[in-house]
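The values are calculated or read from the model by the stated rules, or taken from the named source; none is laboratory data. These numbers come from a predicted model, not from an experiment. Every residue, glycine as well, gets a Cβ built from its backbone with ideal geometry; the counts of neighbours run over all protein chains shown. Surface accessibility is based on the protein's heavy atoms, side chains included, excluding ligands, DNA and RNA. Shrake-Rupley method; radii C 1.70, N 1.55, O 1.52, S 1.80 Å.
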Amino acid sequence: QVQLVESGGGSVQPGGSLRLSCAVSGSILSIYTMAWYRQAPGKQRELVATITSGGSTNYADSVKGRFTISRDNAKNTMYLQMNSLEPEDTAVYYCNAAQLLYGFRHAQYWGQGTQVTVSS
């Protein structure tokens, strides 16, 4: 079983920055993709960014150029650096890990979520 623990959320003004962290523990072998999702009030949970075990990244159009996803394998931690934050970025942010299991089965794990609020 994989456990994800998030930190780094908070309140900032528009144009400000935050860095979210997600610590990974447990049976972490064969995790091939990690991701950040977010869910704003009244909206469906959406994918923000992904990073593979090899370091390849992808971003939602709404955050391209402003957010950076990264991982530190030595610390078993994933990060989301968020710059130029906008009120529309206000949401609960969740970290996610996808794991390939024996027999081509997959498992997916979620963090508890951390609140990000962007307002003046």
Being hydrophobic (A, V, I, L, M, F, W, C) and surrounded by 15 or more Cβ atoms within 10 Å (Cβ to Cβ) is the filter here; which residues of the range 41-56 pass it?
V48, A49, I51
When only residues in the range 6-40 that are of a type in the set (A, V, I, L, M, F, W, C) and farther than 26 Å from S119 by Cβ count, which is most open to solvent (accessible area, probe 1.4 Å)?
L29
Go through (1) exposed (fewer than 15 other Cβ atoms within 10 Å of the Cβ); (2) in contact with a strand residue (DSSP E or B) (Cβ under 9 Å, 6 or more places away or on another chain); (3) among the acidic types (D, E) one by one and return the number of the condition D89 breaks.
(1)
Residues of the range 63-80 satisfying the condition of being farther than 19 Å from V2 by Cα and loosely packed, with under 15 Cβ neighbours inside 10 Å
K64, G65
